[in-house]
Amino acid sequence: YLVRYVTDRFLDIELILNRTQGLKIPVSAVAQKTFVKIPEEYVTVNDSTSGEIFLEKESFKKDGTKTDSNLTATVYAKDSEEGFYLVNPDLFKTGDYVVMPGTTKKYQITDDTMEKIQGVYNVNKGYAVFREVNIVDENEEFCIVDPNNVYGLNAHDRIVLDASQVEQDEIINT
C-alpha cells in the first residue's frame with residue numbers, strides 16, 4: 001500500500017527566514033499617481049490639520065491677465081529629505097506659479113515638478129482617497145507596507161482591492 005500514499009506523505013513548505021513587519025495588502029490594490037512637488041518654503045502649514053497646507057497661486061488667463069488666488073491643498077506625501085510636499089495636480093495648470101509667502105519669489109509648475117508615487121485608495125469615508133504606501137517587501141500576490149507613514153495607511157483602514165476599478169473621490173457603494 002505504500003505506493004498508493006507516497007505522494008501524500010510530503011508537504012510543500014515555505015521557510016520565511018527574514019520576517020518583515022507592516023501592513024499586508026494585495027498587489028492589485030497598489031496604484032501609481034502623479035502629483036505636483038511644492039517646496040516647503042512656498043507653503044504655510046495648517047496647524048489644526050496636519051494633512052493640509054495653504055498656497056498662494058498666480059496664474060495667467062488666455063488674454064494675459066494675472067489672477068492671484070489662495071488655495072488649501074491636501075498633502076498626499078512629504079519628502080523631508082528634499083523638502084517637498086506632494087499635492088493634487090488638478091489645482092494647477094502648467095505655467096502657474098506658487099508664490100513664497102511674504103516675498104515675490106515664485107516657483108513655476110512644469111512637467112519637471114511632477115512626481116509619481118505608489119499608493120492605495122482608502123475608502124473609510126465612503127469615497128476613494130489616495131494614500132501613499134512605502135512597500136517594504138512583496139511577492140506575486142501581496143506586499144507589506146510601512147505602517148509608520150504619516151500620510152499613508154493605518155491598521156484596520158478599508159482599501160479598494162483593485163485600484164484599476166476606481167478614481168480619486170469616487171463614491172464607493174458597499
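Count charges around Phe84 for me, please; just the other residues with Cβ under 10 Å from its Cβ, Lys/Arg as +1, Asp/Glu as -1. Counting the neighbours of Phe84, the net charge comes to -3.
With the helix formula -39500 (n - 2.57) applied to DSSP H stretches of n ≥ 4, the chain reaches a computed 222 nm mean residue ellipticity of -500 deg cm²/dmol.
Here volume of the Cα convex hull per residue in Å³ was calculated from the structure, and among (1) 249; (2) 129; (3) 186 it sits at label (3). Measuring with a 1.4 angstrom probe and ignoring ligands and nucleic acids, Asp162 comes out at about 60 Å² accessible.
Above 21 Å, the calculated P(r) of the range 25-102 contains 34 percent of its Cα-Cα pairs. Taking label positions 7 Å along the Cα-Cβ direction at both Thr49 and Ile16, the computed distance is 3.7 nm, reported to one decimal. Ranking Thr72, Val45, Ala31 by how far each Cα lies toward the positive end of the dipole of the chain (charges on Cβ) leaves Thr72 at the top. Residue by residue, the range 103-111 carries 3J(HN,Hα) couplings of 9, 10, 5, 10, 10, 8, 8, 10, 5 Hz when phi is fed to the Karplus relation 6.51 cos²θ - 1.76 cosθ + 1.60 (θ = phi - 60°); x denotes Gly or Pro. Taking every lysine pair in the chain that is 8 or more places apart or spans two chains, those with Cα atoms closer than 15 Å amount to 17.
Using a 1.4 Å probe on the protein chains only, how many percent of the accessible area of the range 1-107 belongs to carbon and sulfur?
Roughly 49 percent, rounded to a whole number.
Annotation: per residue accessible area for the chain equals 68 Å², rounded to a whole number [probe 1.4 Å, protein chains only].
Using R0 = 41 Å, the C-beta based FRET efficiency linking Asn70 and Asp112 works out to 0.95.
A 1.4 Å probe, protein heavy atoms only, puts the accessible area of Lys105 near 110 Å². Its Cα centre serving as origin, the chain has a Cβ charge dipole (Lys and Arg +1, Asp and Glu -1) of approximately 220 debye.
Between Lys105 and Val136, the contour length at 0.36 nm per residue exceeds the alpha carbon distance by 7.3 nm.
Structure remark: mean-square fluctuation, Gaussian network model of the chain, C-alpha springs under 10 Å; the largest value among Phe142, Phe60, Phe35 belongs to Phe60.
Cβ under 14 Å from Phe35's Cβ, Phe35 left aside: what net charge do those residues give with Lys, Arg +1 and Asp, Glu -1? Counting the neighbours of Phe35, the net charge comes to -2. Among Val30, Val123, Val87, the largest mean-square fluctuation in a Gaussian network model of the chain (Cα springs under 10 Å) belongs to Val123. The mean of 1/r over all pairs of different alpha-carbon atoms in the range 114-165, once inverted, gives a Kirkwood hydrodynamic radius of 11.8 Å.
The values are calculated or read from the model by the stated rules, or taken from the named source; none is laboratory data. What you are looking at is a predicted structure, and each value in this text was computed from that prediction instead of being measured. Cβ coordinates were reconstructed from backbone atoms using ideal geometry, including for glycine residues, and neighbour counts include every protein chain displayed. We work out accessible area using only protein heavy atoms, side chains counted, and drop any ligands, DNA or RNA first. Shrake-Rupley method; radii C 1.70, N 1.55, O 1.52, S 1.80 Å.
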